[in-house]
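The values are calculated or read from the model by the stated rules, or taken from the named source; none is laboratory data. On a predicted model such as this, the values are computed, not experimentally measured, just so you know. Because the Cβ atoms are built from the backbone with ideal geometry, glycine has one as well, and the counts that use them run over all protein chains shown.
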């Protein structure tokens with residue numbers, strides 16, 4: 001088996017943090033592989049799995065339209081490449097998104113995850129929070145959730161599994177090869193969620 | 001990699017409970033600094049109106065900074081520059097989905113409190129406005145809202161971080177369209193970081209103690225910074241950035257992102273220039289992409305710019321010695 005190559009979409013946001021968490025997860029699992037920062041369609045087509053990091057979803061969506069990354073991403077994800085979307089990444093994967101205050105926006109989305117997102121669902125930065133969440137379906141009973149101007153899932157399609165809720169809002173989902181969270185696992189030292197994702201990528205490659 | 005808390009004094013945050021009785025904490029260092037981490041590789045644009053904020057969002061800005069006047073107009077108008085109207089800030093927050101920042105005067109605790117209560121996402125304690133306290137900056141650990149501060153040197157940056165700044169911007173000379181000072185200061189900070197890193201690597205603790213005394217900050221903060229060899233918070237470049245090439249150059253000097261003030265909305269081609277600046281910041285490693293971004297702007301429409309040597313008002317000096 002060739003080495004696992006996991007990409008971090010590096011247009012904007014907390015790329016380095018996801019890079020570190022993924023490296024640590026691979027080490028802890030004893031899986032050989034590399035992590036790379038990807039921006040262009042060519043780089044995207046070369047990886048076995050991809051993380052769309054936290055950042056600003058509007059910006060990332062617009063930038064990935066500019067250089068053709070949007071189409072390359074959509075194609076790869078639809079053909080089964082495992083992808084983890086975090087916060088802005090979750091929004092970008094979604095079918096629909098609305099802002100809690102501003103309402104509908106024209107922001108470009110990948111439309112691969114059959115959910116509707118409410119952006120800034122818990123409020124502005126002053127209301128950003130940390131709290132323990134459980135993702136039992138992922139075999140992660142307890143995880144320190146870091147929610148920064150976080151989105152939440154308000155509607156799910158039939159193929160979407162809810163992995164976790166907080167304050168009655170859906171904050172983690174899975175649909176086949178797509179995993180998405182409202183919170184930032186890469187801002188904690190706990191790499192259990194990144195480990196689950198690395199396993200998903202390893203399984204899909206075998 | 002930037003640590004989110006390390007050994008620094010920490011904001012413990014404000015505790016409460018969720019509806020199902022799970023502990024919730026707001027305003028921790030992780031949340032304040034983490035917010036700045038989400039802006040990395042992005043451009044924050046100065047705006048004065050809802051219309052400008054919409055253009056900025058459309059162009060791909062990661063955040064907007066609300067001012068009453070753009071820095072170059074502050075320069076022209078003279079008088080006292082204060083925080084923007086809350087009505088305008090509110091209108092902008094209701095119109096764009098990206099984070100909204102606003103500036104308060106250096107040391108003006110209550111302008112900051114007003115902005116925090118108004119729910120802006122980050123407060124910039126800024127030398128572009130007229131300082132309210134020549135001797136003290138705001139003690140930012142008291143706030144749940146994160147702060148960004150300017151710095152011309154490592155000492156200034158660390159003093160601001162010790163006061164609780166969650167993000168730094170290396171200062172340029174605002175409102176001049178002249179990038180020279182921004183370049184000077186990031187290079188100075190980089191040199192100073194290399195110096196303290198080599199002191200740390202040589203195991204010279206007394207050398208670090210001397211630095212801490214010279215910088216007027218704690219030993220712990222100097223040691224942690226020296227150990228990682230970079231500022232322990234996200235650092236953007238600011239002041240005088242006018243073109244995509246300016247932005248790309250500053251990214252190549254190790255800045256985590258860019259603040260653009262008068263450079264965009266004082267240019268005559270604001271919409272294209274905003275987009276071009278974002279593209280150059282994202283793809284700075286690719287000279288061809290930066291060229292394509294630079295092609296989108298017309299130099300005849302750039303902000304005219306000022307010679308920084310002969311300025312009557314040097315904004316960067318404000319609050320620098322405190």
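Observations
- A Cβ distance below 9 Å, combined with a sequence gap of six or more or placement on separate chains, defines the contacts here; from segment B:295-313, residues that are over 15 Å from residue B:72 (Cα atoms) reach residues that are surrounded by fewer than 14 Cβ atoms within 10 Å (Cβ to Cβ) in the pairs B:298/B:268; B:300/B:268; B:301/B:268.
- Selection status of residue B:217, free of Cβ contacts under 8 Å to residues at least 60 places away in the same chain and touching a helix residue (DSSP H, G or I) at 6+ places or on another chain (Cβ under 8 Å): no
- Residue under evaluation residue A:92, criteria (1) away from chain B (no Cβ under 11 Å); (2) surrounded by fewer than 23 Cβ atoms within 10 Å (Cβ to Cβ); (3) within 21 Å of residue A:194 (Cβ to Cβ), criterion not met: (2)
- Restricting attention to segment A:108-143, the residues being part of a strand (DSSP E or B), without any contact (Cβ under 8 Å) to a residue 60 or more places away in the chain and facing chain B (nearest Cβ under 9 Å) number 5.
- Residues located in segment B:97-139, provided they are buried (at least 21 other Cβ atoms within 10 Å of the Cβ), assigned to a helix (DSSP H, G or I) and away from chain A (no Cβ under 14 Å): B:111
- In segment B:174-205, of all residues being part of a loop (DSSP other than H, G, I, E, B) and under 27 Å from residue B:129 (Cβ atoms), the one that is nearest to the chain's Cα centre (by Cα) corresponds to B:174.
- Residue check for residue A:89: under 30 Å from residue B:143 (Cα atoms), in a helix (DSSP H, G or I) and at pLDDT 95 or above: yes
- Of all residues in segment B:50-77, those that are free of Cβ contacts under 8 Å to residues at least 60 places away in the same chain, touching a helix residue (DSSP H, G or I) at 6+ places or on another chain (Cβ under 7 Å) and not in a strand (DSSP E or B) total 4.
- Boolean, residue A:128 is surrounded by 24 or more Cβ atoms within 10 Å (Cβ to Cβ) and either more than 16 Å from the chain's Cα centre (by Cα) or modelled with pLDDT under 95 (or both): yes
- Among residues of segment A:17-35 being closer than 24 Å to residue A:68 by Cβ and either assigned to a helix (DSSP H, G or I) or more than 14 Å from chain B (Cβ to nearest Cβ) (or both), the one that is nearest to the chain's Cα centre (by Cα) is A:18.
- Output for segment A:150-168, where each listed residue is within 14 Å of another protein chain (Cβ to nearest Cβ) and surrounded by 12 or more Cβ atoms within 10 Å (Cβ to Cβ): A:150, A:151, A:152, A:164, A:165, A:166, A:167
- Residues of segment A:48-68 satisfying the condition of being within 17 Å of the chain's Cα centre (by Cα) and farther than 13 Å from residue B:43 by Cα: A:48, A:49, A:50, A:51, A:52, A:53, A:54, A:57, A:61, A:64
- Of the criteria (1) buried (at least 24 other Cβ atoms within 10 Å of the Cβ); (2) under 16 Å from residue B:270 (Cα atoms); (3) modelled with pLDDT of 95 or more; (4) more than 13 Å from the chain's Cα centre (by Cα), which one residue B:49 fails: (1)
- Qualifying positions in segment B:27-85 - more than 8 Å from every other protein chain (Cβ to nearest Cβ) and under 13 Å from residue B:236 (Cβ atoms): B:36, B:43, B:44, B:45, B:46, B:65
- Test: residue in segment A:149-164 that is farther than 24 Å from residue A:81 by Cα, assigned to a helix (DSSP H, G or I) and touching a helix residue (DSSP H, G or I) at 6+ places or on another chain (Cβ under 8 Å): no
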